[in-house]
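Chemist: First, the structure itself, so that you have it in front of you.
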Amino acid sequence: MKWYQTSKPAVLLIPALLFLLLIVYSLVMAFAESIRSPEGWTWAYYGELFMQRRLIESLGYSLSITFVSVFLSVLIGWAVVRWFYSFIDEPGGKWLVWIPMLFPHFVWGYFVLLLLGQSGLISSFFYQAGWLSSREAFPVLTQDAYGVGIIITYLWKEIPFVILMLLPAYLQLPKQYGEVIAVLGGGRKEWFKTVEWPWVQPVIVEITLILTAFIFTAYEVPALLGISYPQMTAVLAYDWFYGAAWEERSYAFGLLCLIAFILGAIALLSFALMNRRRWLLSKSSHQY
Amino acid sequence: MKKWIFYGSAFLLFFIPAILLIVKSFTPVWRWGEPFTFDWTLRGWETFLMDARIFDAMAISLVIALVVTFLNLFTGIPAGKALSHSEFRGKSALEVLLVLPLFLPAMAAAVGLHITMIRLGLANNWLGVAIVHLVPTIPYTIKVMKSGYDRLNPDMLQQGKMLGAGGWHVFRTIELPMLMPSIRSAVFLTVTISMSQYVLTAIIGGGNVITLPIIYYPFLQSVDDTVMAAFSVAFAILPVLAVLFVELVATVLTGRFSISKRGAL
Amino acid sequence: MSRPFIEVDHVSKQFKKNDVFSNLSFSLKEGEVLSLVGPSGTGKSTLLRCLAGIEAFTSGEVLIEGNSILQTAAKDRPIGMVFQQALLFPHLTILENVTYGLRLHTAKREAVIEGLKYLKLVGLEDYKNEYPHALSGGQQQRVSLVRALILKPKLLLLDEPFSSLDPELRRELRGWVKELLRKENTTSIFVTHDREEAMLLGDRVAVLAEGVIQQQGRPKEVYDHPVNRLVARLYSDAFVLDHDSYCLTEHLEWLSEKQEGYECFQAEWVNDTYQHGQRYAHIRLSGDQGRYVIPVPRDQSVNTDQTGFIGVPLAFIKRFE
């Protein structure tokens, strides 16, 4: 109760700063583990990491699944918001979009398995309808070599996420600038270039970064819908973390630290690049 | 026309799957290639609810989710207020740092905390699991609460203080009711995310903290779609229950409960 | 005689079956400034938005140099508009803002040369690389005006451009705008609810109230000869005796007793103020029939709250026509 009686930002921020400390501490500890060997500090594990065939294969597999999932989720979610945002803002529309958000990723993964697996409901229905000769004639969409099932699950879950994150940005677009552009002789193209894109771009970048980090390093869905080789990075890291050998544990720490470092650097760089324009936009004189 | 395209596809892609899972939880197992039967049964839910392991898992998941929610609000509300209503050096940098965990692998934080948790006796303990669940949730709560405060005019809070109300009173009677939509979203997100954590829970809980996600995976092997469907639907019901619970707490806190009672008299 | 430069002919606008305004007609000569004055909420802004093409008239016709423009989309109409807020694009520099419209059709080099010329004209060339937030409200509104003027519109619409500024700045800016419009010979419609501004900027004024133009003419003409009660109240300073007659307040006198040669109305002296050396009495008619401000001699001694009469000299009573 006491923390609330003062409005000093420093006091209000104490819990948040403690949280930040927790994060920094955890990352530092993970890093320390990655360079610790029974014989003392060493960078050796980072070198060895890239000699692991399992990892190389995993990186290519993970990157392509992540890229396809993120690209399509953002593109489709963005298109949906652009065309339909007035309906999504209605209570009914919002509830519909919220439904997939309610289910954990692995539950949705199970649903995809139930629906699209070779022994799934659709396959069964097609067989009953006489469109399919046997179970094996149904395409392998889950636990497949290309990660189609993983991608389908992510798209199904992340498109609503993209929609809900982008919706406020679209509802708050400064429409008055549309009128200014019209009387200055500009059309839809100028509206997009001068208003829509500058206002929406930071949110899109943010969503892209969140989804990339999440999909690239999530364990739950690939554990369910993936195959045993190649594995997505998180599954590999998890296996290594529980591996019997000391090196494997160190590989797990090293791999996660490396990913954290790269993703963190990309995120900080993008924010630094967008910061000035974001600040300028916040000084806009329009009124809603 | 546009409206129909949107509602049609949202209905088909978002609503029907949920309905399908609910229907499946009340129908017997459909064997491949055999006709779908609709002999309604409660077997799935009975199995789900009668299983002692599941019941314990549900209880521990709820406790963890509520503790995580409380810590989220405790952190997110004041931080949102500070980030929205005051100016200080390094504010935009701090804002970025506070959402940065969303752009990092949560698993890195979990493995980093593991050894410390063991030393502190928090590994294999529900409290340790709750702490690690803060990593993927707090950044969202801070974001949501900050935009909630952005919509709340600081002068309005000042007005409350000018009229002689104390800080806590202003919070209870002005901020809390006006922030309710943001709090609702934050709670919803927090509980859903907490309920979705398998790997973080597994690493810190070390197989001793059995939450719903932890036993969901072994259950998948059972190939009993009826029970699995019931299990799946339960995941969506729990966040709704949690929001109702928080709503109740907020109603008592803001004093609207007693006012409406007085009105009835 | 040739046709007027701008001709607005019986335009109407309905919103949800209600008339916002109906059958408005007026015309402008080239280079003329028309002040449109009237209370808020009478569709002045809507009229401008319809002329600009942001909204559509329900019926009527608008001709510029004899050609109808209503079939043309907003972006292709030779009409510029300045809004209540400056609405400069916050992430573009002042020069980029000013040349925004030009750049759609002209090469960058020419646009920049033209933009700098205009910025110099309004004394803001030092700010060309600044962003809008660094400018004061008045400066921003000047940039916004230049952004519209640089396109040399055949008609410029100004929608209460000073309303978001403080009084000091308003006074400074309006003289400046008047001069610029004259220099550029820009045909304009200036909307305001401030009659002082209307008089100052307009070559002519039109009083818009209750959805119709009540009267238009030269500023002084309308002031001295209001045609009805509404104009008398909104634009002129007149004491309305009844439906048919009025007397300008400058002729009114404060009488402690009824006198010959005056029509007398019982009233109460509320208080008095001084402006530019002239003393003004604030009078409330008995029975709360309204308040008036009338000039009184400085040496007339009156106690506050004294009851007396507003004397309307019979010789100055005029009929609305």
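Chemist: When the residues of the stretch B:1-56 are narrowed to those that are of a type in the set (G, A, S) and in a helix (DSSP H, G or I), which ends up farthest from B:L212 (Cα to Cα)? Don't jump to the end; show me each part of the working.
Modeler: Kept after step one, since they are of a type in the set (G, A, S), are these residues of the stretch B:1-56: B:8-10, B:18, B:25, B:33, B:44, B:52.
Cutting the leftovers down to in a helix (DSSP H, G or I) gives us B:8-10, B:18, B:25, B:44, B:52.
Working: B:G8: 33, B:S9: 31, B:A10: 28, B:A18: 19, B:S25: 17, B:G44: 16, B:A52: 12 Å.
So, considering only residues that are of a type in the set (G, A, S) and in a helix (DSSP H, G or I), the one farthest from B:L212 (Cα to Cα) is B:G8.
Chemist: Let me ask another. Looking at this structure, is B:L71 outside any loop (DSSP other than H, G, I, E, B), closer than 30 Å to B:D225 by Cα and either touching a Phe, Trp or Tyr at 6+ places or on another chain (Cβ under 6 Å) or in the same structural domain as B:M156 (by TED's automatic domain parsing) (or both)? Walk me through how you get there before you give the answer.
Modeler: Values: outside any loop (DSSP other than H, G, I, E, B): yes; closer than 30 Å to B:D225 by Cα: no; either touching a Phe, Trp or Tyr at 6+ places or on another chain (Cβ under 6 Å) or in the same structural domain as B:M156 (by TED's automatic domain parsing) (or both): yes.
So B:L71 fails the test.
Chemist: Still on this structure, please answer the following. Here are C:L135, C:L119, C:L124: which of them is within 32 Å of the chain's Cα centre (by Cα) and within 14 Å of another protein chain (Cβ to nearest Cβ)?
Modeler: Values: C:L119 fails: within 14 Å of another protein chain (Cβ to nearest Cβ); C:L124 fails: within 14 Å of another protein chain (Cβ to nearest Cβ).
Going through C:L135, C:L119, C:L124 in turn, the sole match is C:L135.
Chemist: Just the residues that are within 19 Å of C:L149 (Cβ to Cβ), not in a strand (DSSP E or B) and not aliphatic (A, V, I, L, M), please, taken from the stretch C:171-191. Can you show your working first?
Modeler: Residues of the stretch C:171-191 within 19 Å of C:L149 (Cβ to Cβ): C:172-191.
Narrowing further to those that are not in a strand (DSSP E or B): C:172-187.
Passing the criteria: C:E172, C:R174, C:G175, C:W176, C:K178, C:E179, C:R182, C:K183, C:E184, C:N185, C:T186, C:T187.
Chemist: If you go through the stretch B:54-65 one residue at a time, do you hit one that is at the interface with chain A (Cβ under 8 Å from one of its Cβ atoms) and not polar (S, T, N, Q)?
Modeler: If we filter the stretch B:54-65 for residues that are at the interface with chain A (Cβ under 8 Å from one of its Cβ atoms), which is where we start, we get none.
No, the stretch B:54-65 contains no residue that is at the interface with chain A (Cβ under 8 Å from one of its Cβ atoms) and not polar (S, T, N, Q).
Chemist: Would you point out the residue of the stretch B:14-35, among those that are closer than 15 Å to A:I99 by Cα and at the interface with chain A (Cβ under 7 Å from one of its Cβ atoms), that is surrounded by the fewest Cβ atoms within 10 Å (Cβ to Cβ)? Don't jump to the end; show me each part of the working.
Modeler: Of the stretch B:14-35, the ones closer than 15 Å to A:I99 by Cα are B:14-22.
Next, only the ones that are at the interface with chain A (Cβ under 7 Å from one of its Cβ atoms) stay: B:14-15, B:17-18, B:21.
Details: B:F14: 19, B:F15: 15, B:P17: 19, B:A18: 18, B:L21: 25.
If we take residues in the stretch B:14-35 being closer than 15 Å to A:I99 by Cα and at the interface with chain A (Cβ under 7 Å from one of its Cβ atoms), then B:F15 is surrounded by the fewest Cβ atoms within 10 Å (Cβ to Cβ).
Chemist: Continuing with the same structure: Take A:F31 and tell me if it is aromatic (F, W, Y), within 12 Å of another protein chain (Cβ to nearest Cβ) and under 30 Å from A:L164 (Cβ atoms). Before the answer, list the steps.
Modeler: Details: aromatic (F, W, Y): yes; within 12 Å of another protein chain (Cβ to nearest Cβ): yes; under 30 Å from A:L164 (Cβ atoms): no.
So A:F31 fails the test.
Chemist: Taking B:F55 as the residue in question, decide whether it is assigned by TED's automatic domain parsing to the domain that holds B:L241, free of Cβ contacts under 8 Å to residues at least 12 places away in the same chain and not acidic (D, E).
Modeler: Values: assigned by TED's automatic domain parsing to the domain that holds B:L241: yes; free of Cβ contacts under 8 Å to residues at least 12 places away in the same chain: yes; not acidic (D, E): yes.
Criteria met by B:F55.
Chemist: Right, next: What pairs can you find where one residue is in the stretch A:260-282 and facing chain B (nearest Cβ under 10 Å), the other is among the hydroxyl-bearing types (S, T, Y), and their Cβ atoms are less than 8 Å apart, with a gap of 6+ or different chains?
Modeler: A:L263/A:T212; A:N275/B:S92; A:W279/B:S92
Chemist: While we're looking at this one, here's another question. Take A:W43 and tell me if it is surrounded by fewer than 19 Cβ atoms within 10 Å (Cβ to Cβ) and within 30 Å of B:Y7 (Cβ to Cβ).
Modeler: On the way: surrounded by fewer than 19 Cβ atoms within 10 Å (Cβ to Cβ): yes; within 30 Å of B:Y7 (Cβ to Cβ): no.
The answer is no for A:W43.
Chemist: Within the bounds of the stretch C:265-283, is there any residue that is within 28 Å of C:Q214 (Cα to Cα), among the charged types (D, E, K, R) and modelled with pLDDT of 85 or more?
Modeler: Taking every residue of the stretch C:265-283 in turn, none turns out to be within 28 Å of C:Q214 (Cα to Cα), among the charged types (D, E, K, R) and modelled with pLDDT of 85 or more.
Chemist: Within the stretch A:238-248, is even one residue part of a loop (DSSP other than H, G, I, E, B), within 14 Å of chain B (Cβ to nearest Cβ) and surrounded by fewer than 20 Cβ atoms within 10 Å (Cβ to Cβ)? Spell out the reasoning first.
Modeler: The first filter runs over the stretch A:238-248 and keeps only residues part of a loop (DSSP other than H, G, I, E, B), leaving A:242-245.
Within this subset, residues satisfying the condition of being within 14 Å of chain B (Cβ to nearest Cβ) are A:242-243.
Among the residues that remain, those that are also surrounded by fewer than 20 Cβ atoms within 10 Å (Cβ to Cβ) are: A:242-243.
The answer is yes; a qualifying residue exists.
Chemist: Which of the residues spanning the stretch C:95-116 are more than 15 Å from A:V180 (Cβ to Cβ), touching a residue at least 24 places away in the same chain (Cβ under 8 Å) and either at the interface with chain A (Cβ under 10 Å from one of its Cβ atoms) or of a type in the set (A, V, I, L, M, F, W, C) (or both)?
Modeler: Selection gives C:L95 alone.
Chemist: Taking C:P161, is it crowded, with 20+ Cβ neighbours inside 10 Å and under 30 Å from A:R276 (Cβ atoms)? Give the steps one after another, and end with the answer.
Modeler: Numbers: crowded, with 20+ Cβ neighbours inside 10 Å: yes; under 30 Å from A:R276 (Cβ atoms): yes.
Yes; evaluated as a whole, the condition is true for this residue.
Chemist: Separate question: Inspect all residues belonging to the stretch A:125-135 and state whether any of them is buried (at least 22 other Cβ atoms within 10 Å of the Cβ) and either modelled with pLDDT under 90 or in contact with a helix residue (DSSP H, G or I) (Cβ under 9 Å, 6 or more places away or on another chain) (or both).
Modeler: no
Chemist: Being among the aliphatic types (A, V, I, L, M), part of a helix (DSSP H, G or I) and more than 7 Å from chain B (Cβ to nearest Cβ) is true for just one of A:A16, A:A10. Which residue is that? Explain how you work it out, then say what you get.
Modeler: On the way: A:A16 fails: more than 7 Å from chain B (Cβ to nearest Cβ).
On inspection, the qualifying residue turns out to be A:A10.
Chemist: Looking at C:R174, C:R204 in this structure, which one is under 15 Å from C:G137 (Cα atoms) and buried (at least 17 other Cβ atoms within 10 Å of the Cβ)? Talk me through it step by step, then tell me what you get.
Modeler: Working: C:R204 fails: under 15 Å from C:G137 (Cα atoms).
After applying the criteria, what remains is C:R174.
Chemist: I've got another one for you. Could you list, in sequence order, the residues of the stretch B:153-165 that are exposed (fewer than 13 other Cβ atoms within 10 Å of the Cβ) and in a loop (DSSP other than H, G, I, E, B)?
Modeler: Correct list: B:N153, B:L163, B:G164.
Chemist: Then there is this: Just give me the residues in the stretch C:38-74 being touching a helix residue (DSSP H, G or I) at 6+ places or on another chain (Cβ under 7 Å) and modelled with pLDDT of 90 or more, in sequence order.
Modeler: Just the residues of the stretch C:38-74 that are touching a helix residue (DSSP H, G or I) at 6+ places or on another chain (Cβ under 7 Å), to begin with: C:38-39, C:52-57, C:62, C:74.
The answer is C:A52, C:G53, C:I54, C:E55, C:A56, C:F57, C:V62, C:A74.
Each row is one residue, and each column tells you yes or no for (1) small (G, A, S); (2) without any contact (Cβ under 8 Å) to a residue 12 or more places away in the chain; (3) exposed (fewer than 15 other Cβ atoms within 10 Å of the Cβ).
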| position | (1), (2), (3) |
| --- | --- |
| A:F50 | no, yes, yes |
| A:E57 | no, no, yes |
| A:G60 | yes, no, yes |
| A:F67 | no, yes, yes |
| A:P104 | no, no, no |
| A:G109 | yes, no, no |
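Chemist: Consider B:L62 carefully, then state whether it is outside any loop (DSSP other than H, G, I, E, B) and under 23 Å from the mean Cα position of the chain (by Cα).
Modeler: Details: outside any loop (DSSP other than H, G, I, E, B): yes; under 23 Å from the mean Cα position of the chain (by Cα): yes.
Yes, satisfied.
Chemist: Then there is this: Quick check: anything in the stretch B:108-130 within 18 Å of the chain's Cα centre (by Cα) and either surrounded by fewer than 20 Cβ atoms within 10 Å (Cβ to Cβ) or not assigned by TED's automatic domain parsing to the domain that holds B:A202 (or both)? Can you show your working first?
Modeler: Filtering the stretch B:108-130 down to residues within 18 Å of the chain's Cα centre (by Cα) leaves B:126-130.
Okay, now just the ones that are also either surrounded by fewer than 20 Cβ atoms within 10 Å (Cβ to Cβ) or not assigned by TED's automatic domain parsing to the domain that holds B:A202 (or both), so B:127.
Among the residues of the stretch B:108-130, at least one is within 18 Å of the chain's Cα centre (by Cα) and either surrounded by fewer than 20 Cβ atoms within 10 Å (Cβ to Cβ) or not assigned by TED's automatic domain parsing to the domain that holds B:A202 (or both), which makes the answer yes.
Chemist: Tally up the residues in the stretch B:1-13 that are surrounded by fewer than 13 Cβ atoms within 10 Å (Cβ to Cβ) and either at the interface with chain A (Cβ under 7 Å from one of its Cβ atoms) or closer than 26 Å to A:Y127 by Cβ (or both), please.
Modeler: 3
Chemist: Mind checking which residues of the stretch A:96-148 are more than 9 Å from every other protein chain (Cβ to nearest Cβ), closer than 25 Å to B:F235 by Cβ and not in a loop (DSSP other than H, G, I, E, B)?
Modeler: Across the stretch A:96-148, the qualifying residues are A:G109, A:V112, A:L116, A:I122, A:V148.
Chemist: Now, a different point. Could you please let me know if B:L71 is within 14 Å of chain A (Cβ to nearest Cβ) and without any contact (Cβ under 8 Å) to a residue 24 or more places away in the chain? Please lay out each step first, then the result.
Modeler: On the way: within 14 Å of chain A (Cβ to nearest Cβ): yes; without any contact (Cβ under 8 Å) to a residue 24 or more places away in the chain: no.
In short, no.
Chemist: Can I ask one more? Would you point out which residue out of A:E206, A:E190, A:E196, A:E179 is in a helix (DSSP H, G or I), in contact with a Phe, Trp or Tyr (Cβ under 9 Å, 6 or more places away or on another chain) and within 14 Å of B:L104 (Cα to Cα)?
Modeler: Numbers: A:E190 fails: within 14 Å of B:L104 (Cα to Cα); A:E196 fails: within 14 Å of B:L104 (Cα to Cα); A:E179 fails: within 14 Å of B:L104 (Cα to Cα).
Answer to the check: A:E206.
Chemist: Out of the residues in the stretch C:50-72 that are outside any loop (DSSP other than H, G, I, E, B) and either touching a Cys at 6+ places or on another chain (Cβ under 7 Å) or free of Cβ contacts under 8 Å to residues at least 60 places away in the same chain (or both), state the one that is surrounded by the fewest Cβ atoms within 10 Å (Cβ to Cβ). Give the steps one after another, and end with the answer.
Modeler: Applying the first criterion (outside any loop (DSSP other than H, G, I, E, B)) to the stretch C:50-72 yields C:50-52, C:59-64, C:67-68.
Checking which are either touching a Cys at 6+ places or on another chain (Cβ under 7 Å) or free of Cβ contacts under 8 Å to residues at least 60 places away in the same chain (or both) leaves us with C:50, C:59-62, C:67-68.
Details: C:C50: 24, C:S59: 12, C:G60: 18, C:E61: 14, C:V62: 21, C:N67: 10, C:S68: 12.
Per the stated criteria, the residue is C:N67.
Chemist: Another question about this same structure. Which of the numbered conditions does A:I151 fail, given that it passes all the others? Conditions: (1) aliphatic (A, V, I, L, M); (2) touching a Gly at 6+ places or on another chain (Cβ under 7 Å); (3) more than 11 Å from chain B (Cβ to nearest Cβ); (4) under 26 Å from B:Q221 (Cβ atoms).
Modeler: (2)
The values are calculated or read from the model by the stated rules, or taken from the named source; none is laboratory data. Just so it is clear, the model here is predicted, and its values are computed rather than measured. All Cβ positions, glycine included, derive from the backbone under ideal geometry; neighbour counts span all protein chains shown.
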